[in-house]
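Just below is one structure, and these are the notes that go with it.
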Amino acid sequence: MRILHLLYESRGDPFGIGGVGIRAYEIYKYLKNRHEITLLCKKYPGAEDGEIEGLRHKFVGTESKNFTKTLLSYARCSSLFVKEHGQSFDIIVQEFSPAIPTRLHSLTKKPVVLQIQGYTGLRYFQKYSVFYAAVLYVFERLLTLPYEHFIFVAESSKSNYRIGGNKNVGIIPNGIAEETIGHEYGEDSGYILFLGRIDIHHKGLDILLKAFSGFYSAFPDTRLVIAGDGRDRERFSGLLQNLPENVRRNIELTGWVDGDRKAVLLRNASLVVMPSRYEAQSIVALEAMAYGKCLLVSNIPAFSFVTEKDAGISFRAEDPRSLEEELRRCITLSEDERRKMGQRGRDWARDFTWDKIALKYEDFLSKVLEKQG
């Protein structure tokens, strides 16, 4: 297959890369030797067209420090690219974002698969100005309607969209690297780990800082390690400066981590905390489970599998006091108790390796082409 994938976040992008980008790179790592894959990515300073990690990259749009302008420019330029070059590909995959308004189905006769990670809905009004939130809310509900082919990462995400019974829908979850399963346990190094994109509202980082400030008074020797990057990093640094100096000294920001550095952080953490206000299907949660880590998560539907599998503990979402209480509870569990939770999570995560996910993804695209005739 000649696959064109519209990927608005890519390696090296200063605005950060999250689950959308990680999923694409991991899946195509297993498919690039059997298919011709082109990633159409958002342009950023220093980005150059060419092959990266064995995948052809084409960067379009206008560079800007304003994230919204960058996305709108990408929407316009990627649409023009599809209109002009879409016929050169067998199938087109588009990562859906209401902030990137496109109508690719009307620009090419080639099948377009809309891949949807999650749903935000009314939460936009908690995060953005009323006008911008209203636009995103309407676009999220309307832009998907004309499409025929969909990939959702979770059934819970699909339920939020109006998808007719005659549409072609695949549920293909996120995954983890095969080598993380069965990884040796590390030392309990006495720190709590947050791993993910620095998006304050989405990931609940403001909640985490409030909870850790209270937690610190009883456990001054326990550190909080925050590993990740994203467009909120400057604003997040401002939140840190408002904390008492002694609390701030116990919080370490590592920036973006990958490879061995990420493995070491996961392996040696006492527990992994995920205070998100909403999620689709978290790759970080799966990775933490693969490393046998006890998870402390908000009690949102996307994390229900953590407590269902008894692989961790939940707290009341958006409640710093509840998170503080559960942090105290988790850190006072014996290492053996946390390890037993982690082992149950590891056993469950074995079915979610990227090689298996890639085969499901490949099979879905092949069937779309077969139906297209």
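Listed values, structure above:
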{"quantity": "Average accessible surface area per residue within the chain, 1.4 Å rolling probe, Å²", "calculated": "44"}
{"quantity": "Over segment 261-337 - Rg/Rh using Cα atoms and the Kirkwood inverse-distance radius", "calculated": "0.94"}
{"quantity": "Separation of alpha-carbon centers, segment 333-366 and segment 241-302, rounded to whole Å", "calculated": "17"}
{"quantity": "Nitroxide proxy distance, nm - points 7 Å out along Cα→Cβ at GLN87 and ASP49", "calculated": "1.9"}
{"quantity": "Of LYS110/LYS167; LYS58/LYS371; LYS43/LYS158; LYS43/LYS360; LYS42/LYS371, those spanning more than 20 Å from alpha-carbon to alpha-carbon", "calculated": "LYS58/LYS371; LYS43/LYS158; LYS43/LYS360; LYS42/LYS371"}
{"quantity": "Rounded Å value of the spacing that divides the Cα centres of segment 82-115 and segment 173-193", "calculated": "36"}
{"quantity": "Rg/Rh (Cα only; Kirkwood hydrodynamic radius) as it applies to segment 64-183", "calculated": "1.01"}
{"quantity": "q = 0.09 Å⁻¹, segment 1-124: log10 I(q)/I(0) [Debye, one scatterer per Cα]", "calculated": "-0.23"}
{"quantity": "Volume in Å³ per residue [convex hull over Cα atoms, computed for segment 163-263]", "calculated": "168"}
{"quantity": "Cα Rg, Dmax (largest Cα-Cα span) when computed across the chain, Å", "calculated": "20.8, 65"}
{"quantity": "On Cα atoms only, tilt of 19-31 relative to the major axis of the chain in degrees", "calculated": "60"}
{"quantity": "Linear extension gain, ARG328 paired with ASP221, 0.36 nm per residue minus alpha-carbon span", "calculated": "37.3 nm"}
{"quantity": "Accessible carbon and sulfur surface of segment 223-316 relative to its total accessible area, %, 1.4 Å", "calculated": "42"}
{"quantity": "Spherically averaged projected area in nm², based on the convex hull that wraps the Cα atoms of segment 312-365", "calculated": "5.6"}
{"quantity": "Charge dipole of the chain about the Cα centre (unit charges at C-beta), most positive-ward option of ILE37, ALA302, LEU104", "calculated": "LEU104"}
{"quantity": "Shape call, segment 106-155: gyration tensor on alpha carbons, a/c limit 1.5", "calculated": "oblate"}
{"quantity": "Rounded percent of accessible protein surface that carbon and sulfur make up, segment 78-167, 1.4 Å probe", "calculated": "55"}
{"quantity": "Loop-located GluC sites (Glu not before Pro) in segment 1-86 whose Cβ has at most 10 other Cβ within 10 Å (DSSP)", "calculated": "GLU48"}
{"quantity": "For segment 273-373: relative contact order, % (alpha-carbon pairs under 8 angstrom, 6 or more apart)", "calculated": "29"}
{"quantity": "Cα centre as origin, Lys/Arg/Asp/Glu Cβ charges: the chain dipole, Debye", "calculated": "1120"}
{"quantity": "Trypsin sites (Lys or Arg not before Pro) restricted to DSSP loop in segment 264-373 with at most 14 other C-beta within 10 Å", "calculated": "ARG316"}
{"quantity": "DSSP-defined beta bridges in segment 1-125 - what % are antiparallel, rounded to 5", "calculated": "15"}
{"quantity": "Mean projected area (nm²) of the alpha-carbon convex hull when segment 158-213 is viewed from all directions", "calculated": "7.5"}
{"quantity": "Value in Å of the Kirkwood radius, where segment 1-60 supplies the Cα pairs that are averaged", "calculated": "11.5"}
{"quantity": "Helical contribution to [θ] at 222 nm, DSSP H n ≥ 4, -39,500 (n - 2.57), averaged over the chain, rounded to 500", "calculated": "-12000 deg cm²/dmol"}
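The values are calculated or read from the model by the stated rules, or taken from the named source; none is laboratory data. Only a predicted model underlies this, so the values are computations on that prediction, with no experimental measurement involved. All Cβ positions, glycine included, derive from the backbone under ideal geometry; neighbour counts span all protein chains shown. Calculation scope for accessible area: heavy atoms of the full protein, side chains included, ligands and nucleic acids excluded. Shrake-Rupley method; radii C 1.70, N 1.55, O 1.52, S 1.80 Å.
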